[in-house]
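Here's the structure we're looking at; comments come further down.
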Amino acid sequence: MDPQARHATWELITQLRQAGVSVILTTHFMEEAERLCDHVAIIDHGQLVTAGTPAQLTGTVGQLRFRAEPGLDVDSLLTVLPAASAVKESPAGHYVIEVHGAVDPLLLAAVTAWCAERGVLANSIRVESRTLEDVFLELTGKELRA
């Protein structure tokens with residue numbers, strides 16, 4: 001569908017949901033599922049992998065993403081983050097910090113201070129929540145399939 005038809009279809013589905021009509025939507029577009037669905041089932045190779053509301057599946061994981069020079073010492077960065085946080089660099093120079101709960105101003109300040117102490121300029125800083133696409137890729141694998 002072209003963008004206009006897709007948006008018209010989304011509006012129709014939204015109206016049907018508001019009227020109490022059940023709609024079964026099959027899509028490969030996780031953003032579409034997250035936006036339109038009350039309940040989501042992720043199926044991989046014909047097998048149900050997980051199911052729940054978009055909020056249940058994405059959980060309460062906040063993400064802070066930034067770009068900087070490749071090869072930063074992410075183990076050192078972990079020491080200034082809340083317990084149970086995770087940091088990864090993928091691809092090179094692209095960093096993702098995951099925390100339980102929302103990203104708060106203190107976390108953002110800690111990360112930028114850590115970078116400043118090392119003379120590193122963090123670019124393109126974004127605060128995000130985990131998406132259904134993130135969940136899908138975590139559960140089914142990131143590699144391209146034949």
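The values are calculated or read from the model by the stated rules, or taken from the named source; none is laboratory data. No experiment lies behind these values; they were computed from the predicted model shown. Positions of Cβ are backbone-derived with ideal geometry, glycine not excepted, and every protein chain shown enters the neighbour counts.
Here are a few things to note about the model shown:
- Residue match in segment 132-144 (condition: in contact with a Gly (Cβ under 9 Å, 6 or more places away or on another chain) and surrounded by fewer than 17 Cβ atoms within 10 Å (Cβ to Cβ)): no
- Search result, residues across segment 1-12 that are of a type outside the set (Lys, Arg) and either at pLDDT 95 or above or exposed (fewer than 13 other Cβ atoms within 10 Å of the Cβ) (or both): MET1, ASP2, PRO3, GLN4, ALA5, HIS7, ALA8, GLU11, LEU12
- Here segment 55-77 is the region considered, the condition is being over 16 Å from ASP104 (Cα atoms) and among the β-branched types (Val, Ile, Thr), and the residue that is farthest from the chain's Cα centre (by Cα) is VAL74.
- Listing of strands (runs of 3 or more DSSP E) fully contained in segment 57-146 that carry 3 or more residues being in contact (Cβ under 8 Å) with a residue 12 or more places away in the chain and within 30 Å of ALA41 (Cβ to Cβ): 61-67, 94-100, 123-129
- Members of segment 44-62 found to be of a type outside the set (A, V, I, L, M, F, W, C), crowded, with 17+ Cβ neighbours inside 10 Å and at pLDDT 90 or above, listed by number: PRO54
- For segment 114-131, the candidate set comprises residues that are aliphatic (A, V, I, L, M) and closer than 16 Å to ALA92 by Cα; within that set, the residue that is surrounded by the most Cβ atoms within 10 Å (Cβ to Cβ) is ALA122.
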